[in-house]
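Report on one structure; see the data block that follows.
The values are calculated or read from the model by the stated rules, or taken from the named source; none is laboratory data. Remember, predicted model here, so these are calculated numbers, not experimental data. Don't worry about glycine lacking a Cβ; one is built from the backbone with ideal geometry, like all the others, and counts go over all protein chains shown. In case anyone asks, the SASA skips ligands and DNA or RNA and just uses the protein heavy atoms, side chains included. Shrake-Rupley method; radii C 1.70, N 1.55, O 1.52, S 1.80 Å.
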Amino acid sequence: ALIDRSQALWARKYVLKQIPPNSSRKGAFIAVGATQGVKLFDGAILTVQYFFKCIGAKYVDELLIQGVDARGEIKKFPAKLSEAFELGNRLAQT
């Protein structure tokens, strides 16, 4: 839904040839998935990279967590929760 609602930003950049404001923004992608598939996040990463490009943000990092299916199951991965916190801190400092 977020990407769909951002269609106007895409049109500004690629149809109207306007440069997005504040093009020094940086972003990261955090995702969880239930399976252990090798290419589980490939499609989502590509989509988010294109989205960030469209809105003028640089894709700088990602945190991808496999094996999370049920509500609250992320608590079984305390190291990943710490990584998410650290990722947020890194983004806030840049």
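A few remarks follow.
- Taking 71, 12, 25 as the candidate residues, the one with maximal mean-square fluctuation in a Gaussian network model of the chain, Cα springs under 10 Å, is 71.
- Surface analysis of the chain yields an accessible area of 73 Å² per residue, using protein heavy atoms and a 1.4 Å probe.
- Partner lysines for residue 80 [C-alpha distance under 28 Å; skip if fewer than 8 residues away on the same chain]: 26, 39, 53, 58
- Selected from 31, 46, 57, residue furthest toward positive end of dipole (the chain; charges at beta carbon): 57
- Sequence of 82, 6 when ordered by accessible area, the most exposed leading, probe 1.4 angstrom: 82, 6
- Size descriptor, Kirkwood hydrodynamic radius, that averages inverse alpha-carbon separations across the chain, Å: 14.9 Å
- Note on residue 94/residue 50: beta-carbon distance plugged into 1/(1 + (r/R0)^6) with R0 of 25 Å gives a FRET efficiency of 0.70.
- Dipole magnitude for the chain: about 400 debye, using +1 per Lys or Arg Cβ and -1 per Asp or Glu Cβ, origin at the Cα centre.
- All distinct Cα pairs of segment 53-94 go into the 1/r average, and the inverse of that average, the Kirkwood radius, is 12.1 Å.
- Average projection area in nm² (convex hull over Cα atoms of segment 27-81, one quarter of hull surface): 4.1 nm²
- Simple spin-label estimate for residue 74 and residue 58 in nanometres, 7 Å along Cα-Cβ: 2.6 nm
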